[in-house]
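What follows is a short report on a single structure.
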Amino acid sequence: PKGALPKGALPKGALPKEAADGQPPASDELLQAPPTWVPDASVAYCSSCDCRFDLFQRKHHCRACGFVFCDPCSSSRAMLPKSWCLNDPQRVCAPCAAQLAPFQEQFSASHSNATRGNELSTWGIRRYFNRPLNFTLGGEIRKAVYMLENMMSGVESVLDDNSVQQKLMRRAKGLLFMTTCKIAFIGGVRFGTGLIITKLPNNRWSAPCAIGSFGLSLGAEAGIGTIDMVVPLTNDKTLRAFAIGERHLALTGEAGVSFGPIGRFYAKEHQSNDSYSHSKGFYTGLALQGALATVRVDVNRKYYGVEVDSRHILGGQVSAPANARLLYEKLDMYYEWAGADGAQRQAATSSNWKLETGERRQPMSQQIDSGGGGGGTGAATARGGQGGGRRTPGPGDASASATRAHDIEETVAV
């Protein structure tokens, strides 16, 4: 008969540990441990609305209770307890979503993707190959860091034209980082993903907001390549469009040339933002382009753990996440580098990159030998000698220093 389940299966609409009176389980019962999923083969109808599953009406498990629902009945997303080891919001049914709602702020603050660490690849060549499409905001942050580093050093810096970008960056009220792929022959198509941050009144940067873009172009152009765009946003209208979640349509004139790993791409939006970007591939052209950029709500929700309005992200109501620390530090380094002379730039660039990719500079040995009075304890060593000044090594210090240096190097390697 319709709605029948195999012998021993729970009735339709039931939840694990269901109370005798037929009420859903209490929140503390629901959050005790991950559920055992009901087998797909044992279910023919949605556990909530009684619709029959078929080729078009697919089955979906609620990650909180383990039962099977149709897509409309399990369209909610919610963060689950930290002990379940899930950092992304998960698909849940309507009853579970209601029970989990009071815990969402707590869960997102404790173990969402925004709270995780974010590390750069130690493979030096990796920073030259940013993907045009990225499905996590953490990945977009790493791309942005690579772009800033490539502006300061690397293969692209063989063309000494940084003054153009620096002049634009000084007037920026916000920054848009995006890697796009362009394929063109007379007409062209361009697509990519990235992030946007704004400068807050306290002269700090906002939390990152994920965006995506798709555009078409027409002109004297041919080739294929990728463009690492760092666009200083100086127009309030553009920032307002992203802040309220609207799509931003940009009509630009653009010119570019790329040959292998070296290329430049310039775009001018009418009475709005200019961009001067590094590009790679084999492309040359002069064209008019129309591109539509929009906020990626799903990527933001996956990153922050809850659905957050872009107005709150870019307006400063959302705290700067720990996961984006690398980006903020690299921006500070860039502006410091942009104000230095040539020799200082080269020295700062090489040392900063080595430090971030896991290599350690000479000051580590100074930290090993520095410490207060007596024999220099491990705690003082770890603090880099904050307890006192440098002392003259004694006869028995050589072997001890070598041992400590070896131990610290092994720790850094791990």
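Some values worked out for this structure:
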| quantity | calculated |
| --- | --- |
| For Lys59, solvent-accessible area (1.4 Å; no DNA, RNA or ligand), Å² | 80 |
| Point-to-point label distance, Tyr128-Glu246, nm (Cα→Cβ direction, 7 Å offset) | 4.2 |
| Cα→Cβ-extended label distance, 7 Å offset, between Asp71 and Gln106, nm | 3.4 |
| Paramagnetic reach from Asn235 (point 7 Å along Cα→Cβ, amide N under 18 Å) across the range 286-310 | 287-295 |
| For Thr284, solvent-accessible area (1.4 Å; no DNA, RNA or ligand), Å² | 80 |
| Label point 7 Å beyond Cα of Leu216 along Cβ direction - residues of the range 231-258 with amide nitrogen under 15 Å | 250-252 |
| Contour minus Cα-Cα distance for Ser42 and Gln57 (0.36 nm per residue) | 3.8 nm |
| Ranked packing of 49-58, 227-236, most packed first, by mean Cβ within 10 Å | 227-236, 49-58 |
| In nm, spacing of pseudo-spin labels at Arg170 and Phe185 (7 Å Cα→C-beta vector) | 4.5 |
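The values are calculated or read from the model by the stated rules, or taken from the named source; none is laboratory data. Treat the numbers as computed from the prediction; the structure is a model and nothing was measured. Using ideal geometry, Cβ is built from the backbone for each residue, glycine included, and neighbour counts are taken over all protein chains shown. What goes into the accessible areas is simple: the full protein's heavy atoms, side chains included, and nothing from ligands, DNA or RNA. Shrake-Rupley method; radii C 1.70, N 1.55, O 1.52, S 1.80 Å.
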